[in-house]
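Okay, so here's the structure we're looking at.
No lab work stands behind these numbers, since they all come straight from the coordinates. The model shown is predicted, which means the values in this text are computed figures rather than measured ones. Here the Cβ is made from the backbone with ideal geometry for all residues, glycine too, and neighbour counts use every protein chain on show.
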Amino acid sequence: MEPIFFKPAYKNVIWGGNNISKVFNRYIEGDNIGESWEISAHPNGLSIVDNEGLNKESLLDMFNNKANRKEIFGTHCENLDRFPILTKFIDASKSLSVQVHPNNEYAEKFEHDSGKNEVWYIMDCKENAKIVYGFKEGVTKENLKDSVNHIKDNIRYVDVHKGDFISIPSGTVHAILDGIMLCEVQQTSDITYRVYDWDRVDKDGNPRELHKEKALDVIDLNNKNEIYNYNDINSNTSIYKSDIFNIDMIKVEGEVNAKSNLDSFYAYIVLEGSGMISTKNFIRNIEKGSTFLIPAALGEYKVSGNLKLMKVWI
């Protein structure tokens, strides 16, 4: 038992840039890297164990090994059919499509996948950065189809700043616009319905596929859209609770002694700073962009340095 690190899966996309390589000091082959799937058991982007002396297996294979599932992932994961979360970094050099994700019921019925609730933490952004976050007032169930067909006139633009934390429940029309780098925590799913893509074309000159009919099936106009800022936290703060996953924001100045929980793994994401994660028989440097998993049965561990982290568990 030791903290588990992973090699991420990188995604080359039409709207990506090179900030993941620059900001986290990583060598990444290729350009237009828009996403780094850091802790992922989804087949479309598997994380591979990166600890010296451990098998270089995927997180999916590790989770599917039921002999060790409870000790690594906790009793809350014992009877799940998939690893529950996916963490990623997103570099929106250009704007992402206006899109929506289905809920669990719809995704399982029509896509044989999980629904997708997600949250964002804005790690950095340009001045006057914005996101698309739901619809303007006046969009109703009765005029929704017409509103989607004239989407540019009906989406709501919202200013965002470094340190903002944003919940995107399934059914929420949204888009990350250009000049934003963020950390995303989501359900393990890769289902996205594009509603509008800024009239872009792919490498062959064809318009990118839209999914308006499915989007109309899953859009939820009752979602509450809220943004909180945690840029200046001074202590540990619970910032998100749901039936799917929970998140704390943690500030470390010096040393923090902690202990694992047999109910759940802990997934940590270093948002700022540098330091170390250590146990009695393990030590490893961590810095901005580091992600790692604390097994449920690990026991005592220590985080030291000057850091801001997100801690995710179920």
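What the table shows:
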| read-out | value |
| --- | --- |
| Label-to-label distance, nm, for residues given as ASP159 and LYS109 (7 Å Cα→Cβ offset) | 4.2 nm |
| ASN246 paired with ASN44, simple spin-label distance in nm, labels 7 Å along Cα-to-beta-carbon | 2.9 nm |
| Distance between modelled label sites at THR140 and ASP263, nm, 7 Å Cα→Cβ extension | 4.3 nm |
| Cβ-derived FRET efficiency at R0 41 Å, ASN285 paired with ASN12, nearest 0.05 | 0.90 |
| The chain - mean residue ellipticity at 222 nm from DSSP helices (-39,500 (n - 2.57) per run, n ≥ 4, rounded to 500) | -3000 deg cm²/dmol |
| Cleavage-rule hits, GluC sites (Glu not before Pro), the stretch 163-247, DSSP coil, Cβ neighbours within 10 Å at most 13 | GLU209, GLU226 |
| Size of electric dipole in the stretch 186-314: Cβ of Lys, Arg +1 and of Asp, Glu -1, about Cα centre, debye, nearest 20 | 420 debye |
| Set of the stretch 248-287 residues, backbone N closer than 12 Å to the point 7 Å along the Cα-Cβ line of PHE24 | 269-271, 287 |
| Two-site FRET efficiency, ASN79 against ALA297, from Cβ-Cβ distance with R₀ of 22 Å, rounded to 0.05 | 0.80 |
| Within the stretch 4-229: Cβ-based charge dipole about Cα centre, in debye rounded to nearest 20 (Lys, Arg +1; Asp, Glu -1) | 160 debye |
| Cut-off 14 Å (backbone N to label point 7 Å along Cα→Cβ of ASN68), residues of the stretch 266-309 | 293-298 |
| Karplus-derived HN-Hα couplings along the stretch 180-192 (A = 6.51, B = -1.76, C = 1.60, θ = phi - 60°), whole Hz, x at Gly and Pro | 10, 10, 9, 9, 10, 10, 8, 5, 6, 7, 9, 9, 10 |
